[in-house]
Amino acid sequence: MRKKVLIVEDNDLNLRLFNDVLAAEGYETLTATGEEDVPAMARSARPDLILMDMRHRGGDGVETTRRLKRDGETSGIPVIAVTGCALAGDEARFRAEGCADYLVKPVSLVHFLGSVRRHLDKGAS
């Protein structure tokens with residue numbers, strides 16, 4: 001069964017890039033701009049991984065991640081922070097909120113795919 005990735009990104013170019021790269025790698029993708037109820041989407045779609053824009057149209061990626069991690073149905077889904085926030089302490093702050101990894105925009109596709117594979121392979125048997 002193909003691994004499923006939920007991409008939460010409000011920039012159309014980034015959303016298309018992430019979606020196309022992941023689809024070309026054989027992953028099933030779901031997309032959200034952040035205006036949707038992401039935790040509800042995650043509960044119903046059961047993605048294996050979530051790529052979270054930390055500043056999206058619908059709000060705050062940190063708060064969305066907190067909601068995901070507080071919910072017993074979604075708490076085990078790894079969340080990768082994908083962000084333009086690259087100030088000292090940002091990575092530690094996002095990880096403290098429950099993010100499993102941290103990628104800074106513009107992303108290197110090598111690092112992007114490496115992070116996705118690393119987190120999806122953790123759950124592979």
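Hey, what did the chain get for relative contact order, percent, Cα under 8 Å, at least 6 apart?
22 percent
Would you mind checking which residues have amide H under 5 Å from HIS56's amide H? H placed 1.01 Å from N; only 5 or more apart, or other chain.
Close amide H contacts, sequence-distant or interchain: GLY61.
Would you please give the FRET efficiency between LEU87 and ARG66, computed as 1/(1 + (r/R0)^6) with r the Cβ-Cβ distance and R0 = 22 Å, to the nearest 0.05?
Working from the Cβ atoms, E equals 0.65.
Taking every DSSP beta bridge that has both residues in the chain, what percent is antiparallel when rounded to the nearest 5? Spell out each step's value before the answer.
Values: 2 of 19 bridges.
Roughly 10 percent of the DSSP beta bridges within the chain come out antiparallel.
Please arrange PHE94, PHE112 by how many other C-beta atoms lie within 10 Å of their C-beta, fewest to most. Numbers along the way, then the final one.
On the way: PHE94 23, PHE112 20.
With the fewest neighbours first, PHE94, PHE112 line up as PHE112, PHE94.
Cα centroids of region 61-125 and region 17-39: how far apart, whole angstrom?
Cα centroid to Cα centroid, the span is 14 Å.
Treating only the Cβ of Lys, Arg, Asp and Glu as charged (+1, +1, -1, -1), what charge dipole size does the chain show about its Cα centre? Round to the nearest 20 debye.
Working: 18 positive and 20 negative charges, 78 e Å.
The dipole magnitude comes to about 380 debye.
Give the order of ASP10, ASP48 when sorted by the count of other beta carbons within 10 angstrom, beginning with the fewest.
Lowest to highest Cβ neighbour count: ASP10, ASP48.
All of the numbers you see were taken from the coordinates with simple rules; none came from a lab. Here the structure is a predicted model, which is why all the values come from computation and not from measurement. Glycine gets a Cβ as well: all are built from the backbone with ideal geometry, and neighbour counts include every protein chain shown.
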